Amino acid sequence: MRHPAPCTMMTQHPDSATRYVPIQDEPAEAVEALTPMPAGFGMDEVMIDFEGKLTPYHQTAQVVNGLFEAGLVPGRDVFVTPRIASATKETTFKQLMALLSVVETNYLSLEMSSVPVVTEVILPMVESAEEVLQARRRIEHVMRLAHDEFGVDNDKNAITVIPIFEEVPQLIGVGDLLRKYVSLCRDEGFEVSRLRYMLARSDPALSYGMVSAVLAGKLAISAGYELERECGVAVAPIFGAGSLPFRGHVTPANIENIIKEYGGIRTVTIQSGLRYDQPKEKTAAMVRLLGERLPHTSPRIYGRSERDIMINMIGIFTRTYIEAFSRVIGTVCRISDLIPKQRDRLARKSKVGYARDVARPEKLAIHVRDTAVREALLRLNLDGIVELPRAISFSAALYTIGYPPEFLGMGRGLREVVARYGLGGLSDLLTHYPSLADDLRFAGRYLHFSNASRFFPDSSSSLLKEDIDEAMDILGLDMSAQTKGDELHRTLMEMQRSTIKQLINEDSKIMVRRDRNVKLMEECILRMGAIRGSLG
């Protein structure tokens, strides 16, 4: 097992507004990202993505061969870490296909390297310790098959698993889940000397809101280091985040906040928007900074009382977010289907694709100690919300019409924290999330409520406006200058309002018609994303 952990991980997320990357370009893209500066970005690791994406079986080998040709030795100089499919959300067959591609790549690389080139795979959407253990069992089966057929070394610990936690209840329960996983592995003879795990920021925010995602992620970091103390397993959390505040706010301008607030993270994802929608030299400098600073940051370990307060606040903000979210999601889903696709991903709704999970407040309520907050969560009605868009298209859709998703439920959540716990409660929240005001200031640059309100009924618009006004008042934010934002962004937004409204209100067949107005709309959406520094 390699150590220390890589500091920066290039991913294949479709969040860039300025570049569409077809499948056939992804191997060269990975090599460029891992090539040292100034020719490349100087990143440490690439995540080849088989989850919800049309990734070819041979891409792992193509990337590895490209790295060798560039003079880099995978597994020593840089690292290749595929994200395999979830056996529960997609299929076991798709997961096995990705695992076979990894084992084949290691086999084909034996002549070029004395070190195994792929030693870890990433498992998405983890909900239980048994899921992670089952993935390790499948790796063992594949290794045994490769040994029988090709004489590959039959080492059951040659490839380990990095679980991703993508829901707030799972993030809160990370400590118990990882503790059980370590115990199960040891019972079956699997080695667990170091444990990397990824904290997703996008999907928890999509389902539970931005504040809930931030606080739950910090609890998950703390829980990992508590496990390290108890079990002697070296933990190395990965912060899986995008560029917009709703998805993590990893940008050159905000990177100091990330380093300070998420002490203990050892790897940060560098997604497509950050690589193509920001100046290359600034992103490369940020990569270098993360390499210097991340290995030395210290985690904050939360005590029981702090943890209880944070979970109560997660419950409050989840409720207010879902109340707003449920008012807009029908419209936003239709707008999200209009967002240009920047990678060859599977459709949200198809025989081989899948939609993201709706929030499960009853699972969150189990962790909440404040009785009134817990009961309010259990009263939430999510009937009729069957499926969600991807977080990138969700964010892009709301930014496109002028209501950044950072504001959903925000003002009323802040107001309830003050009403329930006083100004001391607000102080506690800002202690745990000190860059909240900075995140809202960024989002406020692209707020255009008079435009957004045209897409929702008056009853919903009044609730959405309340969330803006209360947030400004309680945090003392002056949005008068911010809400003017970028004038070109506002102009493009207003230009496309009628086209978007027509498309989401008419027969679905019009959505795929490539007439002049649709082409112009897509160009405007991408231009707005480029101005923000990320599509979604």
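Suppose we filter the range 225-236 for residues that are without any contact (Cβ under 8 Å) to a residue 60 or more places away in the chain and either in a helix (DSSP H, G or I) or within 24 Å of the chain's Cα centre (by Cα) (or both); how many remain?
Residues in the range 225-236 being without any contact (Cβ under 8 Å) to a residue 60 or more places away in the chain and either in a helix (DSSP H, G or I) or within 24 Å of the chain's Cα centre (by Cα) (or both): 6 in total.
Mind checking which residues of the range 60-88 are surrounded by fewer than 17 Cβ atoms within 10 Å (Cβ to Cβ) and closer than 20 Å to LEU123 by Cα?
THR88
For the structure I just gave you, tell me whether SER16 is assigned to a loop (DSSP other than H, G, I, E, B) and under 17 Å from ILE122 (Cβ atoms).
no
If you take the residues in the range 1-59 that are of a type in the set (A, V, I, L, M, F, W, C) and surrounded by fewer than 20 Cβ atoms within 10 Å (Cβ to Cβ), which one is farthest from the chain's Cα centre (by Cα)?
ALA39
Could you check the range 269-296 and list, in sequence order, the residues that are surrounded by 16 or more Cβ atoms within 10 Å (Cβ to Cβ) and not in a helix (DSSP H, G or I)?
Within the range 269-296, THR269, ILE270, GLN271, ASP277, GLN278 qualify.
Could you give me the residue pairs with C-beta distances under 6 Å whose first residue belongs to the range 371-390 and is aliphatic (A, V, I, L, M), whose second residue is at pLDDT below 95 and part of a loop (DSSP other than H, G, I, E, B) wherever it lies, and which are 6+ apart or on separate chains?
LEU382/VAL358; ILE385/VAL358; LEU388/ALA355
Would you mind finding the one in ILE392, ILE366 that is surrounded by fewer than 19 Cβ atoms within 10 Å (Cβ to Cβ) and of a type in the set (A, V, I, L, M, F, W, C)?
ILE366
Restricting attention to the range 469-515, and to residues there that are of a type in the set (Asp, Glu), farther than 30 Å from THR431 by Cα and not in a helix (DSSP H, G or I), which single residue is modelled with the highest pLDDT?
ASP486
Are there any pairs with C-beta distances below 6 angstrom linking a residue in the range 41-68 that is over 24 Å from ASP277 (Cα atoms) and among the polar types (S, T, N, Q) to a residue that is modelled with pLDDT of 95 or more and not in a helix (DSSP H, G or I), with the two at least 6 apart or on different chains, and if so which?
GLN59/ILE48; THR60/ILE48; THR60/PRO82
Tell me the helices (runs of 4 or more DSSP H) entirely within the range 384-456 that contain at least 2 residues that are under 21 Å from GLY315 (Cβ atoms).
Result: 410-432, 436-444.
Given the conditions (1) assigned to a helix (DSSP H, G or I); (2) closer than 30 Å to PHE394 by Cα, report the number of the one that ILE162 does not fulfil.
(1)
Can you confirm whether VAL115 is in contact (Cβ under 8 Å) with a residue 12 or more places away in the chain, among the β-branched types (Val, Ile, Thr) and surrounded by 19 or more Cβ atoms within 10 Å (Cβ to Cβ)?
no
Please find, within the range 99-115, the residue that is nearest to SER128 (Cα to Cα) out of those that are of a type outside the set (Val, Ile, Thr) and in contact with a Lys or Arg (Cβ under 8 Å, 6 or more places away or on another chain). Write out each step before concluding.
First, pick out the residues of the range 99-115 that are of a type outside the set (Val, Ile, Thr): 99-101, 104, 106-114.
Then keep just the ones that are in contact with a Lys or Arg (Cβ under 8 Å, 6 or more places away or on another chain); that gives 99, 113.
On the way: LEU99: 20, SER113: 36 Å.
Per the criteria, the residue is LEU99.
Determine, yes or no, whether GLY248 is of a type in the set (Gly, Ala, Ser) and under 22 Å from ARG527 (Cβ atoms).
In short, no.
So VAL31 fits all but one of (1) over 28 Å from LYS89 (Cβ atoms); (2) of a type in the set (Val, Ile, Thr); (3) not in a helix (DSSP H, G or I); what number is the exception?
(3)
Report whether or not GLY248 is modelled with pLDDT of 95 or more, closer than 20 Å to MET313 by Cβ and in contact with a Leu (Cβ under 6 Å, 6 or more places away or on another chain).
no
Please specify each residue of the range 428-453 satisfying the condition of being over 27 Å from the mean Cα position of the chain (by Cα) and surrounded by fewer than 17 Cβ atoms within 10 Å (Cβ to Cβ).
Within the range 428-453, just SER450 meets the criteria.
I need every pair where a residue in the range 150-175 that is touching a residue at least 60 places away in the same chain (Cβ under 8 Å) has its Cβ under 6 Å from the Cβ of a residue that is basic (Lys, Arg), sequence separation at least 6 or different chains.
Qualifying pairs under 6 Å: ILE162/ARG196; PRO169/LYS363.
Can you name every residue in the range 119-133 that is in a loop (DSSP other than H, G, I, E, B) and either surrounded by fewer than 20 Cβ atoms within 10 Å (Cβ to Cβ) or not hydrophobic (A, V, I, L, M, F, W, C) (or both)?
Result: THR119, PRO124, GLU127, SER128.
The values are calculated or read from the model by the stated rules, or taken from the named source; none is laboratory data. Here the structure is a predicted model, which means the values were calculated and not measured. All Cβ positions, even for glycine, are placed from backbone atoms using ideal geometry, and neighbour counts span all protein chains on display.
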